[in-house]
Amino acid sequence: MCLALNNFHTPVLLQEAVNCLLSSGNGIFVDGTLGGGGHAEAILQRLQPQSSLICFDADADAIRHASQRLAVFGDRVSVLHANFRTIKHVLSEKKIECIAGLLLDLGVSSYQLDEPSKGFSFQTDERLDMRMDRDEPLDAFAVVNGYGEKELADVIWKFGEERQSRRIARALVWNRERMPIASTADLAKIVSGAAGGKFRTKTLARVFQAIRIEVNRELENLQKVLEDGITLLRPGGRLVVISYHSLEDRIVKQTFKSAAEGKNDLPFLLNPMLPHQEPAVTLVMKKPVIASEEEIRKNPRARSAKMRAIEKR
Ligand SMILES: C[S@@+](CC[C@H](N)C(=O)[O-])C[C@H]1O[C@@H](n2cnc3c(N)ncnc32)[C@H](O)[C@@H]1O
């Protein structure tokens, strides 16, 4: 880990997200995805005196980097090495019952993608790992070498939307029966051989994304934190989410829509015995906020970003 603080990650939709989050006023705010601390720093610079910020990240490297960056804010900020799926439990341990806002800037940071030892990228040759949190037991090696052929095909199809998922899964199983698939380069070579063609890079990106999502349980964790986040918000509090691919955005959009329509498919919010009830939240914007041309020019990662927000009623 040798990246300078400034290279760690460039925050996306920085002003848009912070303005949206802080318009709910005073209180305890949570940044569920601290990363390089860019959003957190901007929040802290504008936080009112009685307010504070609690930050989560599953990645211990992010925690180390961002803790240094945010040290100047003293006890107005606390930084926790924890998965955001545990938000309810962690806050209840701190005797916090409600929050003024929650920001989630999903996915991985530039540091995580660029740091070879994380094993997230098909551009470098490293051990197959892909865990955001090295304390978690499941890594990419275990998924690629341990899942059955159908299970693998399902992961690649569901989380990568890759049409050649079955052919790729067959090739993975055929190869690993001869020798374990131990590195990102081995994986990339087998995937390219099975389904490369002229869309090789896109196929690789989809397969690596799928395995990363499976390893880190990204979609399950997202659903959980959205549900717990909505429950924790105080009236007027805001939940702001920036997503980077259609699988994440679909979950955010659907959960927000159900909560805003008072539909009873969110049993955590509503009484499932009643067909229709008062909505728990309002949508802050109907269409997602996207990055400006200028931001995309400076930071191409912003191209796929979509920001949505809700306010608790
Ligand atoms: C896009 S980066 C956030 C960048 C950050 N907003 C900034 O300004 O630098 C996403 C971060 O969220 C973390 N993350 C992703 N899923 C998580 C989860 N379930 N729990 C905690 N942290 C998570 C990743 O480790 C990564 O550091």
Residue ID - surrounded by the fewest Cβ atoms within 10 Å (Cβ to Cβ), chosen from residues in segment 143-161 that are over 21 Å from GLY107 (Cα atoms) and either of a type in the set (Gly, Ala, Ser) or in contact with a strand residue (DSSP E or B) (Cβ under 8 Å, 6 or more places away or on another chain) (or both): GLY148
Out of LEU204, LEU187, LEU172, sole residue that is hydrophobic (A, V, I, L, M, F, W, C) and touching an Asp or Glu at 6+ places or on another chain (Cβ under 9 Å): LEU172
Selection count where residues are within 12 Å of the ligand (Cβ to nearest atom) and exposed (fewer than 11 other Cβ atoms within 10 Å of the Cβ), scope segment 68-95: 0
Residues being at pLDDT 95 or above, within 18 Å of VAL72 (Cβ to Cβ) and surrounded by fewer than 22 Cβ atoms within 10 Å (Cβ to Cβ) - total across segment 48-60: 2
Pairs where the first residue, in segment 131-144, is in contact (Cβ under 8 Å) with a residue 60 or more places away in the chain and the second is within 11 Å of the ligand (Cβ to nearest atom), C-beta under 6 Å, 6+ apart: MET132/ALA58; MET132/ASP59; MET132/ASN216; ASP133/ALA58; ASP139/ARG131
Some residue of segment 184-191 being in the same structural domain as SER121 (by TED's automatic domain parsing) and touching a Pro at 6+ places or on another chain (Cβ under 9 Å): yes
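Tell me, which helices (runs of 4 or more DSSP H) lie completely within segment 129-233 with 2 or more residues that are under 30 Å from GLY262 (Cα atoms) and more than 16 Å from the ligand (Cβ to nearest atom)? Step through it out loud before you land on a result.
On the way: elements: 140-146, 149-160, 165-176, 184-195, 200-216, 218-232.
Result: 218-232.
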Filtered residues of segment 10-43 (kept if touching a Leu at 6+ places or on another chain (Cβ under 7 Å), among the hydrophobic types (A, V, I, L, M, F, W, C) and surrounded by 22 or more Cβ atoms within 10 Å (Cβ to Cβ)): ALA17, LEU21, PHE29, VAL30, ALA40, ILE43
Any hit, segment 105-118, residues being modelled with pLDDT of 95 or more and of a type in the set (Gly, Ala, Ser): no
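Residue by residue, here is whether (1) within 21 Å of the chain's Cα centre (by Cα); (2) modelled with pLDDT under 95; (3) assigned by TED's automatic domain parsing to the domain that holds CYS98; (4) among the small types (Gly, Ala, Ser) holds:
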{"site": "ARG250", "(1), (2), (3), (4)": "yes, no, yes, no"}
{"site": "LYS263", "(1), (2), (3), (4)": "no, yes, yes, no"}
{"site": "LEU269", "(1), (2), (3), (4)": "no, yes, yes, no"}
{"site": "GLU278", "(1), (2), (3), (4)": "no, yes, yes, no"}
{"site": "ALA291", "(1), (2), (3), (4)": "yes, no, yes, yes"}
{"site": "SER304", "(1), (2), (3), (4)": "yes, no, yes, yes"}
{"site": "MET307", "(1), (2), (3), (4)": "yes, no, yes, no"}
Cβ-Cβ under 7 Å pairs, at least 6 apart or on other chains, segment 202-228 side among the charged types (D, E, K, R), far side assigned to a helix (DSSP H, G or I): ARG206/GLY160; GLU214/VAL143; GLU214/VAL155; GLU214/PHE159; LYS224/ARG85; ASP228/ILE87; ASP228/LYS88
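How many residues does segment 97-116 contain that are more than 30 Å from PRO288 (Cα to Cα) and either within 13 Å of the chain's Cα centre (by Cα) or surrounded by fewer than 19 Cβ atoms within 10 Å (Cβ to Cβ) (or both)?
Summing the residues that are more than 30 Å from PRO288 (Cα to Cα) and either within 13 Å of the chain's Cα centre (by Cα) or surrounded by fewer than 19 Cβ atoms within 10 Å (Cβ to Cβ) (or both) in segment 97-116 gives 1.
The values are calculated or read from the model by the stated rules, or taken from the named source; none is laboratory data. On a predicted model such as this, the values are computed, not experimentally measured, just so you know. Note: ideal-geometry Cβ built from the backbone for every residue, glycine included; neighbour counts use all protein chains shown.
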